[in-house]
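Undergrad: Below you will find the structure I want to go over with you.
We did not get these values from a lab; they are worked out from the coordinates using the rules stated. Note that the structure is predicted; figures quoted are calculated from it, not measured. Cβ coordinates were reconstructed from backbone atoms using ideal geometry, including for glycine residues, and neighbour counts include every protein chain displayed.
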């Protein structure tokens with residue numbers, strides 16, 4: 001498959017720059033894979049499409065203030081995106097204009113805080129802070145909004161670019177399908193008999209890494225840390241249907257299925273508690289083993305999340321739904337509206 005087959009045109013004004021004041025009032029496009037029907041609802045009506053015995057799986061990762069702005073000792077401004085901390089106190093990071101920053105260079109944030117570039121690699125750098133990193137992040141870090149949000153991060157983004165159930169800090173991007181949920185929506189789903197299960201996948205560069213290969217099959221996903229506990233595995237194993245909230249949850253569950261126990265009669269593997277680094281790349285032709293339904297956002301052209309939803313519902317149906325969403329002026333991407341694939 002060629003990447004050019006998964007492109008579409010989106011009017012720039014449909015890219016949401018801010019979230020709605022009430023998350024649950026986001027629009028919800030419902031796509032039926034069997035009939036091809038498209039329905040238009042609001043997100044707070046999600047419960048109409050779940051049944052008792054369904055298990056909704058959410059990603060409880062928490063975004064940290066991973067973006068830092070500093071200056072080289074020569075005075076040049078530098079933007080850094082922290083990726084993760086290693087056990088030895090070294091942080092992996094992405095940096096703009098990395099060719100202009102040498103190894104051993106200092107990047108200064110204030111009179112007391114700086115980092116040193118320990119090593120430059122092909123795609124990123126390794127850095128060390130002169131003081132506890134968390135202190136610097138708390139003081140100077142900002143929320144790492146995606147590039148298509150064409151404004152600086154604001155204080156409000158600290159709350160709005162975070163799910164209401166975020167717990168385990170470690171992501172550099174929000175699992176955006178979860179941004180539509182409120183505590184009231186979650187309570188409504190439980191009242192209707194649905195179970196809520198949590199897992200963690202810390203979103204890293206792999207989720208939004210552009211596909212550079214002209215042939216899709218040649219793309220390699222960068223691993224991202226995940227964790228599934230015993231309780232979640234048990235809820236999924238007894239579920240009537242598994243409803244994944246977002247492509248991060250989908251990839252985590254489908255990756256975990258590789259190491260699952262014996263197959264059940266209904267052809268769903270028996271999951272067990274697991275943790276590790278998921279690098280699964282899901283594109284059309286993939287056979288889903290765990291996920292039955294998907295709550296998701298609208299995704300960038302030619303992106304790995306778009307390929308995942310095309311794998312679940314078929315490229316023709318997804319592009320039909322996207323075309324209708326554009327006609328109906330849905331709001332796209334992280335702060336935009338939602339989609340339910342049933």
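Undergrad: Evaluated at 4 °C with a viscosity of 1.567 mPa s, what Stokes-Einstein diffusion coefficient in µm²/s does segment 4-124 have when Rh comes from the Kirkwood expression over alpha-carbon pairs?
TA: 66 µm²/s
Undergrad: How big is the chain by Rg and Dmax over its Cα atoms, in Å?
TA: Final numbers for Rg and Dmax: 20.5, 66 Å.
Undergrad: Can you pull the one-decimal nm distance between simple spin-label points at residue 120 and residue 103, each 7 Å off the Cα toward Cβ?
TA: 1.0 nm
Undergrad: Let me ask something additional. What 222 nm value per residue comes from the helices of the chain, counting each DSSP H run with n ≥ 4 as -39,500 (n - 2.57) and dividing by all residues, nearest 500 deg cm²/dmol?
TA: Computed ellipticity for the chain at 222 nm equals -5000 deg cm²/dmol.
Undergrad: May I pose another question? GNM on the chain, C-alpha springs below 10 Å: top fluctuator among 61, 248, 35?
TA: With Cα springs under 10 Å in the chain, the top fluctuation among 61, 248, 35 is at 35.
Undergrad: Taking Cα atoms, how many degrees apart are the long axis of helix 304-313 and the longest axis of the chain, rounded to 10 and kept between 0 and 90?
TA: So the inclination is approximately 0 degrees.
Undergrad: So how much slack lies between residue 48 and residue 230, counting 0.36 nm per residue of separation and subtracting their Cα-Cα distance, in nm? Mind showing how you got there, number by number?
TA: Numbers: separation 182, 0.36 × 182 = 65.52 nm, distance 2.87 nm.
Taking 0.36 nm per residue and subtracting the Cα distance, the gain is 62.7 nm.
Undergrad: Mind sorting 202, 180, 40 by how few other Cβ atoms lie within 10 Å of their own Cβ, fewest first?
TA: 40, 202, 180
Undergrad: How would you classify segment 105-166 from its alpha-carbon gyration tensor, with a ≥ b ≥ c the square roots of the eigenvalues: rounded for a/c under 1.5, else prolate if a/b is greater than b/c, otherwise oblate?
TA: Prolate is the answer for segment 105-166, as a/c is 1.5 or above and a/b outweighs b/c.
Undergrad: Right, next: Any chance you could give the angle, 0 to 90 degrees and rounded to 10, that helix 315-327 forms with the longest Cα principal axis of the chain?
TA: Helix 315-327 sits roughly 80 degrees off the main axis of the chain.
Undergrad: Please report the base-10 log of the normalised intensity I(q)/I(0) for segment 67-140, using a Debye sum with one equal scatterer per alpha carbon and no solvent, at each q in 0.23, 0.25, 0.27 (1/Å).
TA: -1.05, -1.27, -1.53
Undergrad: Using alpha carbons only, how many degrees (0 to 90, rounded to 10) separate the axis of helix 247-256 from the longest principal axis of the chain?
TA: For helix 247-256, the angle is close to 80 degrees.
Undergrad: Just to be sure I understand: with springs between alpha-carbon atoms less than 10 Å apart, which residue in 314, 204, 214 has the highest mean-square fluctuation in the Gaussian network model of the chain?
TA: Between 314, 204, 214, it is 214 that shows the largest mean-square fluctuation.
Undergrad: Now a separate question. Could you calculate the FRET efficiency of residue 96 with residue 273 from 1/(1 + (r/R0)^6), where r is the beta carbon distance between them and R0 is 45 Å, rounded to 0.05?
TA: 0.70
Undergrad: How would 157, 230 line up from fewest to most surrounding beta-carbon atoms within 10 angstrom?
TA: Values: 157 22, 230 10.
Going from sparsest to densest Cβ surroundings: 230, 157.
Undergrad: Let me make sure I get this right: for segment 7-55, a, b and c are the square roots of the gyration tensor eigenvalues over alpha carbons, sorted descending. Under 1.5 in a/c it's rounded, otherwise prolate if a/b > b/c, else oblate. Which is it?
TA: oblate
Undergrad: Going by how many other Cβ atoms sit within 10 Å of their own, how do 277, 91 line up, fewest first?
TA: 277, 91
Undergrad: Which one of 215, 207, 272 has the biggest mean-square fluctuation once the chain is modelled by GNM with Cα springs under 10 Å?
TA: 215
Undergrad: In nm, give the distance between the simple-model label positions of residue 77 and residue 160, each being 7 Å from the Cα along the Cα-to-Cβ direction.
TA: 2.3 nm
Undergrad: Can I ask one more? Have a look at the DSSP beta bridges in the chain and tell me what percent are antiparallel, nearest 5.
TA: About 70 percent, rounded to the nearest 5.
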